[in-house]
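The values are calculated or read from the model by the stated rules, or taken from the named source; none is laboratory data. Predicted model, so just to flag it, every value in this text is computed and none were measured. Here Cβ is always computed from backbone atoms with ideal geometry, including for glycine, and neighbour counts include all displayed protein chains. When the accessible area is computed, the model is the full protein with side chains, heavy atoms only, and any ligands, DNA or RNA have been set aside. Shrake-Rupley method; radii C 1.70, N 1.55, O 1.52, S 1.80 Å.
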Amino acid sequence: MTAVGIIFSEIHDHNLPEITKKRTLGSVPFGGRYRLIDFVLSNMVNSGITHVGVVARNNYQSLLSHLGSGKEWDLSRKFGGLTVFPPYSHSSGAGLYTGRLDALKGVLSTLEKLNDDYVVLADSDTICNIDYTDVFKYHVSKDADITVVYQRKSVADKSLNSTIYNIDENGRVTSAFVGIAPDGEENISLGMWIVKRTLLITLVREAIAVGQLSFEKDIIAKRASSLKIYGYNFNGYAIKIDSNRSLFEANMDLLKSEVRKELFKKNSPIYTKVRDEAPTRYASDVTVKNSLIANGCVILGNLENCVVSRGVQIGKGANIKNSIIMHGAVIGENAVINNAIIDKNCVIKDGRVLSGHETYPFVLAKESIV
């Protein structure tokens with residue numbers, strides 16, 4: 001039994017407009033040294049999937065630079081390996097694809113040439129460490145046409161739209177509701193699906209022929225009664241990055257040792273592009289508490305509960321709490337920052353005060369100057 005992976009690098013970019021203005025969602029920095037796509041890509045590789053296609057769309061230059069040949073994920077191969085597919089629509093004949101099914105139409109010719117039994121479809125906005133071999137075993141045991149991966153949980157941000165599954169006592173999906181706000185504890189989609197390759201090809205061709213574009217609305221929701229669709233409940237740590245709040249929350253979660261242990265396992269590591277930089281330099285009189293600091297930084301101010309990426313410079317007397325500081329940002333002297341996401345290469349001048357709330361963090365877009 002073999003499988004090919006298809007990753008959608010940009011399906012929910014609109015949920016983080018400031019962060020994805022100049023990059024696709026898959027290349028959004030996370031945890032000081034990773035990108036969001038690192039997690040789903042590493043999960044596939046660790047599960048024995050060595051042929052992976054990434055479907056691009058908007059602003060994917062940084063994604064291409066990050067992925068390169070796929071060497072860091074052992075995907076630089078003569079056969080299989082990593083492929084980045086272009087973003088153009090094949091149903092309308094021009095322009096960018098307009099839905100997941102439209103994007104899949106563009107890779108059908110590749111899927112038809114393969115001999116793999118299954119396709120793993122996944123978004124790049126879910127942070128988790130999942131072993132897909134367990135999902136495959138469940139899929140086979142149920143003789144399923146499609147297996148959806150979900151987590152039963154409550155969502156703190158009720159304004160978010162999610163895909164929710166109704167699942168019976170045998171694990172079968174009886175109905176699905178797409179784009180609704182969760183109310184209490186629900187079976188919430190993690191944006192991962194396993195489907196037979198030949199079936200997927202048939203479903204995509206049929207859907208595109210009648211103008212259907214959404215995999216979840218037009219396949220999962222509308223065909224729950226005619227297809228054998230089962231749900232796999234993932235019990236580990238997982239969070240979907242579908243808002244500025246969830247990006248902030250996920251980074252803050254990394255400051256908890258139990259979350260780090262679950263995400264960064266020795267037997268299933270998360271790989272990323274390797275960069276060689278000098279160690280971070282700290283002034284002798286600064287205080288740094290409960291923070292993750294990447295290499296190449298200069299820390300002359302105080303930090304508490306922060307996630308700091310490579311090459312960040314923090315000026316003397318600055319006080320930063322509960323914040324995410326991305327690559328290359330420069331924080332001036334005596335600046336005060338609380339509950340904020342400071343994007344890559346931003347410059348915050350001396351004495352500036354920026355503050356948000358943990359449920360509504362202040363977000364400074366890439367390369368901004370304050």
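Remark: the chain carries a charge dipole of roughly 680 debye about the Cα centre, counting +1 on each Lys and Arg Cβ and -1 on each Asp and Glu Cβ.
Magnitude of the charge dipole for segment 9-61, about its Cα centre and with charges confined to Cβ atoms of Lys, Arg (+1) and Asp, Glu (-1), is about 160 debye. Between the residues Phe234, His327, Val148, the greatest Cα displacement towards the positive end of the dipole of the chain, with unit charges on the Cβ of Lys, Arg, Asp and Glu, is found for His327. To the nearest 10 degrees, how steep is helix 244-253 against the longest Cα principal axis of the chain, on a 0 to 90 scale? So the inclination is approximately 70 degrees. DSSP assigns beta bridges within the chain; of those with both partners inside it, close to 40 percent run antiparallel.
With a cut-off of 12 Å between beta carbons, the residues surrounding Asn295 carry a summed charge of +2, where Lys and Arg count +1 and Asp and Glu -1. Protection proxy ranking, highest mean first, for peptides 168-176, 243-251: 243-251, 168-176, where packing is the per-residue count of other beta-carbon atoms within 10 Å, averaged. Sorting the segments 199-211, 288-300, 34-46, 304-316 by their mean number of nearby beta carbons within 10 angstrom, highest to lowest, gives 34-46, 304-316, 288-300, 199-211. What label, among [x] 5, 18, 18, 17, 16, 10, 6, 5, 4, 1; [y] 5, 24, 32, 23, 11, 4, 0; [z] 5, 19, 23, 16, 15, 12, 7, 3, 1, 0, belongs to P(r) over Cα pairs in 10 Å bins from 0, in percent computed from the structure on display? Looking at P(r) over Cα pairs in 10 Å bins from 0, in percent for this model, the match is [y]. Could you check how much of the accessible area of the chain is carbon and sulfur, as a whole percent, using a 1.4 Å probe? Of the solvent-accessible surface of the chain, carbon and sulfur hold 46 percent. Convex hull volume of the C-alpha atoms in segment 298-361, normalised per residue: 58 Å³. For segment 325-369, the solvent-accessible area with a 1.4 angstrom probe is 46 square angstrom per residue. Multiplying the residue separation of Ser226 and Thr174 by 0.36 nm and subtracting their alpha-carbon distance yields 17.7 nm. Relative to the longest principal axis of the Cα atoms of the chain, helix 132-141 runs at roughly 20 degrees.
Exceedance of the 23 Å cut-off in Cα-Cα distance is limited, within the set Lys240/Lys261; Lys266/Lys344; Lys153/Lys289; Lys321/Lys349; Lys105/Lys273, to Lys266/Lys344; Lys153/Lys289; Lys105/Lys273. In terms of the mean number of neighbouring beta-carbon atoms within 10 Å, the peptides 108-117, 323-332 order highest first as 323-332, 108-117.
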